[in-house]
Amino acid sequence: MTPDAITSSYRRWAPIYDMTFGRITHAGRRHATHVVNQSGGRVLEVGVGTGLALPYYAPEIEVTGIDFSDEMLERARAKVAEENLSHVTELRQMDARALDFPDASFDTVVAMHLISVVPDPEQVMAEMARVCKPGGQILVVNHFARDEGWLAWLERKFAPLANWIGWHSNFPKDRIMGVEALRLTEERSLTALGLFTYLRLEKAA
Ligand SMILES: C[S@@+](CC[C@H](N)C(=O)[O-])C[C@H]1O[C@@H](n2cnc3c(N)ncnc32)[C@H](O)[C@@H]1O
């Protein structure tokens, strides 16, 4: 998607996100935050959106969130205030293609339902790897394109509407597997139809 399309699409999504797409994607958030809570440390959530995952991090986890959309961030900030989520130390407007953090700042970097939205997913993966500490982990939850079946057909049909719906429906997983410092250590399907996939990548120590 283009940056302008992200801005306008997520301005439209922000007021209804939690009760629509947000509602059918809880499995990934619950799983990724469970993994984070077992690992501990400093966490960066890239494309934090309306902050649906924020209440699930354990209180001792220090969470920073960034997002491109001011309207999505506004809702994340409201959740932090309303639910007194003091483990969320910072929520900033930022482009995931150029993360404003020094190298090796975080133990875990999480990206949920983001990678098929951003304009340059390869660059975003490289940035997430850069800010992750050596030996740290990157957790990705996303819908990835499949090769065959009626769902693959639907994914292709919706693909031209990416800028309007807010993500690429036929995003191939291979596009994000090229960062040299990262090794895939776990991959699992999160729902019965295999709609969403969880990936754990480890950064070389
Ligand atoms: C489908 S939402 C997912 C939100 C959240 N991660 C979740 O699971 O509910 C995608 C989010 O990615 C954000 N986004 C898109 N492009 C971005 C970029 N280049 N940098 C940072 N955030 C971006 C959008 O603003 C939106 O909030």
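The values are calculated or read from the model by the stated rules, or taken from the named source; none is laboratory data. Treat the numbers as computed from the prediction; the structure is a model and nothing was measured. Positions of Cβ are generated from backbone atoms using ideal geometry, with glycine treated the same way; all protein chains shown enter the neighbour counts. Note: accessible area is taken over every heavy atom of the protein model, side chains too, but ligands, DNA and RNA are not part of it. Shrake-Rupley method; radii C 1.70, N 1.55, O 1.52, S 1.80 Å.
Please identify the pairs in which a residue from the stretch 66-81 that is touching a residue at least 60 places away in the same chain (Cβ under 8 Å) has its Cβ atom under 6 Å from the Cβ atom of a residue that is within 6 Å of the ligand (Cβ to nearest atom) and among the aromatic types (Phe, Trp, Tyr), counting only partners at least 6 apart or on another chain.
Every condition considered, the pairs that remain are Ser69/Tyr10; Met72/Tyr10.
Need the failing condition index for Arg11 against (1) open to solvent by less than 50 Å² (accessible area, probe 1.4 Å); (2) part of a helix (DSSP H, G or I), just the number.
Exception for Arg11: condition (1).
Answer yes or no: is there a residue in the stretch 159-166 that is open to solvent by 30 Å² or more (accessible area, probe 1.4 Å), assigned to a helix (DSSP H, G or I) and more than 16 Å from the ligand (Cβ to nearest atom).
Yes, the stretch 159-166 has at least one match.
Identify, please: which residue in the stretch 17-42 is in contact with a helix residue (DSSP H, G or I) (Cβ under 9 Å, 6 or more places away or on another chain) and not in a helix (DSSP H, G or I) and is, among those, least open to solvent (accessible area, probe 1.4 Å)?
Tyr17
Of the conditions (1) open to solvent by 20 Å² or more (accessible area, probe 1.4 Å); (2) in a strand (DSSP E or B); (3) of a type in the set (Asp, Glu), Glu45 fails just one. Which one is it?
Result: Glu45 passes all but (1).
Looking for something outside any helix (DSSP H, G or I), at pLDDT below 95 and more than 13 Å from the chain's Cα centre (by Cα) - is there at least one such residue anywhere in the stretch 62-70?
no
Regarding Met125, is this residue near the ligand (Cβ under 8 Å from one of its atoms) and buried (at least 24 other Cβ atoms within 10 Å of the Cβ)?
no
Would you pick out the residues in the stretch 20-66 that are β-branched (Val, Ile, Thr), under 23 Å from Glu186 (Cα atoms) and within 7 Å of the ligand (Cβ to nearest atom)?
Once the filter is applied, which keeps residues that are β-branched (Val, Ile, Thr), under 23 Å from Glu186 (Cα atoms) and within 7 Å of the ligand (Cβ to nearest atom), the stretch 20-66 yields Thr25, Val46, Val48.
Is there a residue being buried (at least 23 other Cβ atoms within 10 Å of the Cβ) and free of Cβ contacts under 8 Å to residues at least 60 places away in the same chain anywhere in the stretch 106-119?
For the stretch 106-119, residues buried (at least 23 other Cβ atoms within 10 Å of the Cβ) and free of Cβ contacts under 8 Å to residues at least 60 places away in the same chain: absent.
Sort out which residues of the stretch 50-89 are open to solvent by 70 Å² or more (accessible area, probe 1.4 Å) and closer than 27 Å to Asp4 by Cα, and write them in order of number.
Matches in the stretch 50-89: Asp70, Glu74, Arg75, Arg77.
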